[in-house]
Amino acid sequence: MKYCVLLLFYVAAGLSAQSAANTPAVKPDTVVATVDGKKVTAGELEKFVSALPPQMQQNFQANRKEFLRQYALLKRLSDMAEQKGLPQQSPYKERLESARMQMLAQAQINDASDGVTVTPEEQKAYFEKNRDRFTQANVKVIYIPFSANAGAPSGTDGKKTRTEAEAQTRAEEVAKKARGGEDFKALVKEYSEDATSAEKGGDFGTIKRTDSIPEEIKAAIFTAKPGEIAGPLKQPNGFYVFRVDGITEQPYNAVQNEIQTSLRQDKFREWLEGVRKSINVQFHNETYFSTQGAAAAPVPSQQP
């Protein structure tokens, strides 16, 4: 039977409901315990904890004594493995090398990312060049759903679902009435089947050009003028009819942080792509790298 020692740190969290939230601050060089006669300082223990995943760090805060016992067990087993020379034996040697490579690669990525700088001038220039990106629209909506399983009851209200053609006809009727000047909120109350927005008179909130919504919806909304109707717009499960209440531009101060983040990400991706392109990779056996070749190749065992 195989065990994962790191799981002990997860198990430890459930052993006590104790909380260390009010633990008084202790100087890093303070000896807080001994393990097999070796002194352990608060600084050493907390430095070890800081490198662990968040869940394990929470376990340390929940029950520091039990965590130290688990830490001591981990240290003892690790020392035993060193004494047996396991780090120099396969497959442990390769796994350690792989883990070290990944850790160093992540360290380099973090270092490069932290080193990316964006000047206020660059942010302002980006804003001026991309003003259209920072427009937003306040809209109301009427939603008419349809289903491939038309005729079946939908939800607890007992209403039957419509076919796509039926929903389209109804949506076109709604759009025509809205364009004809009928009160949009009244149309929402009568026709819309999106409960969340219908309760608010059709209010759909604010849509930004950067929002993750279908491009055809954004295009229709942002080409409309305030007060105009956009739609019906077909989506996989229904038709939307929008009324554009207003289109405004976000001020620079409101989007400054967003611009900084975007530019930092762009610069980092550019750096990483430069590193990728600088690597000289040559393939000398196409059969090995083909799908068939990969399928035929023996898969190394992942078990010791």
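Remark: spin-label model distance Lys234-Glu164 equals 0.5 nm, labels positioned 7 Å along the Cα→Cβ axis. The residue among Thr223, Leu187, Ala171 whose Cα reaches farthest toward the positive pole of the charge dipole of region 126-252, with charges on the beta-carbon of Lys, Arg, Asp and Glu, is Thr223.
About its Cα centre, how strong a charge dipole does region 126-252 have in debye, to the nearest 20, once Lys and Arg get +1 and Asp and Glu get -1 at the Cβ? Present the calculation step by step, with values, prior to reporting the outcome.
On the way: 20 positive and 20 negative charges, 27 e Å.
With Lys and Arg at +1 and Asp and Glu at -1, about 140 debye.
Annotation: the residues Tyr71, Tyr143, sorted from fewest to most other C-beta atoms within 10 Å of their own C-beta, follow the order Tyr71, Tyr143. In this simple spin-label model, placing a label point 7 Å from the Cα along the Cα-to-Cβ direction at both Val281 and Asn253 gives a separation of 4.8 nm. For Thr41, nonlocal amide neighbours, meaning residues 5 or more places apart or on other chains whose placed amide H falls under 5 Å from its own, are Val32. Bridging of Lys225 to lysines at a Cα separation below 28 Å is possible for Lys124, Lys129, Lys140, Lys176, Lys177, Lys185, Lys189, Lys200, Lys208, Lys234, once same-chain residues fewer than 8 apart are set aside.
Region 158-236 and region 93-109 have Cα centres spaced 52 Å apart.
Exposure proxy ranking for Asp266, Asp203, Asp111, based on other Cβ atoms within 10 angstrom of each Cβ and starting from the fewest, stands as Asp111, Asp266, Asp203.
Only counting other Cβ atoms within 10 Å, I'd like Ile247, Ile279, Ile213 sorted with the fewest neighbours first. Intermediate results must be reported in sequence, preceding the final value.
Details: Ile247 16, Ile279 6, Ile213 13.
With the fewest neighbours first, Ile247, Ile279, Ile213 line up as Ile279, Ile213, Ile247.
Dipole check for region 41-128: with +1 at the C-beta of Lys and Arg, -1 at the C-beta of Asp and Glu, and the Cα centre as origin, the magnitude is about 740 Debye.
Using the Kirkwood radius over Cα pairs, work out the Stokes-Einstein diffusion coefficient for region 126-252 at 4 °C and 1.567 mPa s, in µm²/s as a whole number. Please list the in-between numbers first.
Numbers: Rh = 15.4 Å.
For the chosen part, D equals 84 µm²/s.
Ranking Gln106, Phe134, Ile144 by Cα position along the charge dipole of region 93-145, where only Lys, Arg, Asp and Glu carry charges on their C-beta atoms, puts Ile144 farthest toward the positive end. Our coupling estimate for region 220-232, obtained by passing each phi through the Karplus curve with A = 6.51, B = -1.76, C = 1.60 and θ = phi - 60°, is 5, 5, 7, 9, 7, 9, x, x, 7, 9, 10, x, x Hz, Gly and Pro reported as x.
Restriction of the trypsin sites (Lys or Arg not before Pro) in region 73-134 to DSSP coil positions whose beta-carbon has at most 15 other beta-carbons within 10 angstrom yields Lys84. Here Lys65 is the anchor, and the lysines within straight C-alpha reach of less than 24 Å, apart from those fewer than 8 places off in the same chain, are Lys27, Lys38, Lys39, Lys47, Lys75. Derived scalar couplings between HN and Hα for region 163-179 equal 6, 4, 5, 5, 5, 5, 4, 5, 5, 5, 5, 5, 4, 5, 5, 5, 5 Hz in order, rounded to whole Hz, by the Karplus curve 6.51 cos²θ - 1.76 cosθ + 1.60 (θ = phi - 60°), x for Gly and Pro. Compared with the direct C-alpha span, the chain from Val31 to Ala81 gains 15.3 nm at full extension, assuming 0.36 nm per residue.
Values in this text are rule-based calculations from the coordinates and carry no lab data. Keep in mind it's a predicted model, so treat the numbers as computed, not measured. As a convention, Cβ positions derive from the backbone with ideal geometry for all residues, glycine included, and neighbour counts pool all protein chains shown.
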